[in-house]
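Reviewing the structure listed below.
Taken together, the values in this text are just the output of simple stated rules run on the coordinates, not laboratory data. Quick caveat: nothing in here was measured; it's all calculated off a predicted structure. Every residue, glycine as well, gets a Cβ built from its backbone with ideal geometry; the counts of neighbours run over all protein chains shown.
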Amino acid sequence: MAASALLPQSVLRPLLALAVMILLAGCASRVVGVMKPVGQPANPKVSEVQLLAATTRAPSSDKAILFTGERGSGLMVDAVTVSIPPDKDRKIGEVEWPRQLPPDPLKSFTTVAVQPILSESQGHEWLHRTYPGKRRVLVFVHGFNTTYEESVYRFAQIVHDSKADVVPVIFTWPSRGSIFDYNYDKDSTNYSRDALEDMLTRIVHDPGVGDVTVMAHSMGSWLAVEALRQMAIRHGRVNPKITNVILASPDIDVDVFGKQFAALGPHKPHFTLFVSRDDRALGLSKLIAGNVTRLGQINPAQEPYRSRLEAAGITVLDLTKLQTGDRINHTKFAESPEVVRLIGNRLIAGQTVTDSDVGVGDALGAVAIGAGKTIGQAAGAAVSAPILIFDPRTRRNYGDQWRQLGANATSTVETVGVAAQ
């Protein structure tokens, strides 16, 4: 059935516009079949990322594709090694796709090895053999409109560019990789909830694992939060080893998220959100969902969000003014060098975030005004800052300094969109 027969014109027009933007970005010209391993690159200048890829997708008969966008019958796991060209030859935040096959490891991302993991014990053995002594695990859940190879290469890029000291694990669910299959993808996240919960449970039960960060993008945020919600309902709380949850451009109904968050119980992981009000993909999702605001498009400085975020202790990084090469402003978290480094240096470790973490003069942490900036300087910085940081934990640390600023300071700060006590 044609898309026009399924969608109203108010949704179809922006959907077609979004499709044009994606095609112009070059997605349609990518070669197919990049998952065929080429073996160890001969050039020592390339870097490698070794990761575990768990999926609920159906296997492909073509081993160069590995998995389709259809739903599989169970969880399958592979150990995948991806090589990345030298940093001097690529822009941080970009995935360099091969222009032809076999790929040139000096110029593009390349699949080096794929090893099926056939049992839980094999998975634990791989973890401790590949990353001996590392106790922190990063689990990534991709978003809507993403093929298997896109999810693996994007995660490899994030791990490499962030320089995160973690064991990288990706959970890749059945997405058909088409913007016209939004509802299929959404149902696929529900289809995959039990599998993700089970995988997280197996990871935290490994005695060698110290803590886990769950990072999810777009529609994958719904899947991640739902899996954690199920875990909390089943066991009375989210496992305490899961200390941090990072949601980038979360495609979740803002009201539904409130209910999900409450269901996690009193002992929750710390949540960090990346939001952007110019996110065109979330704008389309809002139309499809009946014009209900998506969590990834909120303004954290405005009510009722400001008070709710404060009460919940949720950190928000507002990337609205940040400019990247993403035409639809939906993958800023991965394409900005400053943001990916921030993920690796601070967020995965669960540390508080200030403006100094993204460069003094480049961004204004809402909580740093009392620590050496005048109100005039703060107002000017807030207007031009590409990244605004809203972190209730840090703001509490500067509580005395905030109180010294007085009522006039509070009024001035609020006018530039910065929350103050």
Cross-link candidates for Lys186: which lysines have Cα within less than 20 Å, leaving aside residues fewer than 8 places away along the same chain? Lys259, Lys286
Could you tell me the calculated FRET efficiency between His267 and Arg346, based on Cβ-Cβ distance and R0 = 25 angstrom, to the nearest 0.05? 0.65
Sequence-distant or interchain residues sharing an amide H contact under 5 Å with Ile246, placed H: which? Val214, Met215, Ala216, Thr272
Taking H placed 1.01 Å from N in the peptide plane, check which residues at least 5 places from Ile170 or on another chain put their amide H under 5 Å from its amide H. Leu52, Ala53, Ala54, Phe140
Under a crude label model (7 Å from the Cα following the beta-carbon direction), how far is Val256 from Asp198 in nanometres? 2.3 nm
Quick check on packing: order 114-127, 315-328 by the mean number of other C-beta atoms within 10 Å, highest mean leading. 315-328, 114-127
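Ranked highest first by average number of other Cβ atoms within 10 Å, how do 237-243, 52-58 line up? Could you put the intermediate results ahead of the total?
Working: 237-243: 17.7, 52-58: 22.4.
Highest to lowest by the protection proxy: 52-58, 237-243.
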5 angstrom amide H check on Thr68, placed H, neighbours 5+ away: Ala58, Ser60
Ala312 versus Ile233: modelled label distance in nm, points set 7 Å from Cα along the beta carbon direction: 1.8 nm
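Rounded to the nearest 0.05, what FRET efficiency do Thr320 and Arg30 give with R0 = 30 Å and r taken as the Cβ-Cβ distance? Could you check? Show your work: numbers first, answer last.
Working: r = 29 Å, r/R0 = 0.96.
It comes out at approximately 0.55.
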Whole-Hz couplings from phi, Karplus 6.51/-1.76/1.60, listed for the stretch 177-189; x for Gly and Pro: x, 9, 5, 8, 10, 4, 5, 4, 4, 4, 5, 5, 5
In the structure shown, of Lys45/Lys332; Lys91/Lys268; Lys88/Lys321; Lys163/Lys332; Lys163/Lys241, the pairs separated by more than 25 angstrom at the C-alpha atoms are Lys45/Lys332; Lys91/Lys268; Lys88/Lys321
